[in-house]
Amino acid sequence: CITSYGQTIRAHAFKDAQAKGVDINMGVVNYPILMAADILILDADLVPVGKDQKQHLEIARDLAIRFNTKFGETFRVPEPLISESLGVIPGTDGEKMSKSKNNVIPLFGTDKEWKKAVMSIRTDSLGLEDKKDPSNCNVFNLYKLFATSEEQEVMRQKYQAGGYGYGHAKLELLEKIKEKFSSMRDKYFDYLKREDDVVDILKEGAKKVRVVAGQKIYQVKQKMGFLL
């Protein structure tokens with residue numbers, strides 16, 4: 001109720017839906033408010049976000065300050081924790097990686113799914129012998145997320161020298177993905193076989209969060225005069 005209508009329609013999710021001409025429901029309008037509630041109810045100090053999500057945290061900060069000004073000091077005003085070196089992660093089509101665009105490399109995919117996704121990464125039409133610009137290549141930009149600076153430089157030189165095709169770069173990227181995520185992927189598939197254990201872990205986490213959230217809701221109700 002302390003969120004203005006103007007603030008909700010300036011949110012990226014609303015503008016994206018509006019630009020695409022889709023039927024905008026209240027889920028789209030309320031999305032940044034619900035995200036703010038998730039953050040503020042736990043008194044978060046730092047929130048790790050990508051640059052594209054920074055606006056949502058700014059909305060959470062605005063709402064915290066607005067509530068504190070109106071009802072008294074209640075919420076911590078969180079700060080964003082953004083890795084400047086990452087920015088927006090490109091998808092297989094070069095645009096921002098997003099499930100809704102179906103341009104992702106699934107972190108918990110099978111080897112076959114990983115290979116299919118990596119080999120589908122969009123590149124230009126330069127041939128094997130042509131010299132290439134790595135800075136304009138989706139494959140190289142993804143490779144940089146996993147490789148050391150030395151490994152990046154080696155691949156950069158291969159691009160610029162020629163005689164190195166995008167297929168070669170994709171295979172190197174695939175190996176990096178396997179190195180990074182194979183153990184986590186295997187653990188994920190193991191948990192899929194142990195549904196009861198997963199439920200127990202979720203219940204334990206919910207129990208811890210419920211205590212903190214309950215205290216904050218009680219404090220909010222007190223400040224707003226709902227509790228005598």
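The values are calculated or read from the model by the stated rules, or taken from the named source; none is laboratory data. Just so it is clear, the structure is predicted and the values come from calculations on it, not from any experiment. With ideal geometry, Cβ positions are generated from the backbone for all residues, glycine too; neighbour counts draw on all protein chains shown. Surface areas here come from the heavy atoms of the whole protein model, side chains and all, with no ligands, DNA or RNA. Shrake-Rupley method; radii C 1.70, N 1.55, O 1.52, S 1.80 Å.
For segment 46-98, the tally of residues that are basic (Lys, Arg) and either open to solvent by less than 80 Å² (accessible area, probe 1.4 Å) or in a loop (DSSP other than H, G, I, E, B) (or both) stands at 2. Among the residues of segment 184-200, those identified as exposed (fewer than 12 other Cβ atoms within 10 Å of the Cβ) and either hydrophobic (A, V, I, L, M, F, W, C) or more than 25 Å from the chain's Cα centre (by Cα) (or both) are Met184, Phe189, Leu192, Lys193, Arg194, Glu195, Asp196, Asp197, Val199, Asp200. Within the option set Ser135, Ser85, Ser120, Ser125, being farther than 30 Å from Ala213 by Cβ, modelled with pLDDT of 95 or more and of a type outside the set (A, V, I, L, M, F, W, C) holds for one residue only, Ser120. The residues of segment 37-72 that are of a type in the set (Asp, Glu) and out of contact with any helix residue (DSSP H, G or I) (no Cβ under 9 Å at 6 or more places or on another chain), listed by number, are Asp45, Glu58. I'd like to know if segment 214-223 contains one or more residues that are among the small types (Gly, Ala, Ser), open to solvent by less than 70 Å² (accessible area, probe 1.4 Å) and part of a helix (DSSP H, G or I). Yes: segment 214-223 contains one or more residues that are among the small types (Gly, Ala, Ser), open to solvent by less than 70 Å² (accessible area, probe 1.4 Å) and part of a helix (DSSP H, G or I).
Hey, could you check segment 5-36 for residues that are among the β-branched types (Val, Ile, Thr), in a helix (DSSP H, G or I) and out of contact with any helix residue (DSSP H, G or I) (no Cβ under 6 Å at 6 or more places or on another chain) and say which is modelled with the highest pLDDT? Here the answer is Ile33. Please list, ordered by first then second residue, the pairs with beta carbon atoms under 6 Å, 6 or more apart or interchain, first in segment 128-145 and open to solvent by 70 Å² or more (accessible area, probe 1.4 Å), second at pLDDT 95 or above and not in a loop (DSSP other than H, G, I, E, B). Final answer for the pair search is Lys131/Gln160; Lys144/Gln152. Within segment 105-115, does at least one residue satisfy the condition of being out of contact with any Gly (no Cβ under 6 Å at 6 or more places or on another chain) and under 19 Å from Ala11 (Cβ atoms)? The answer is no; no qualifying residue exists.
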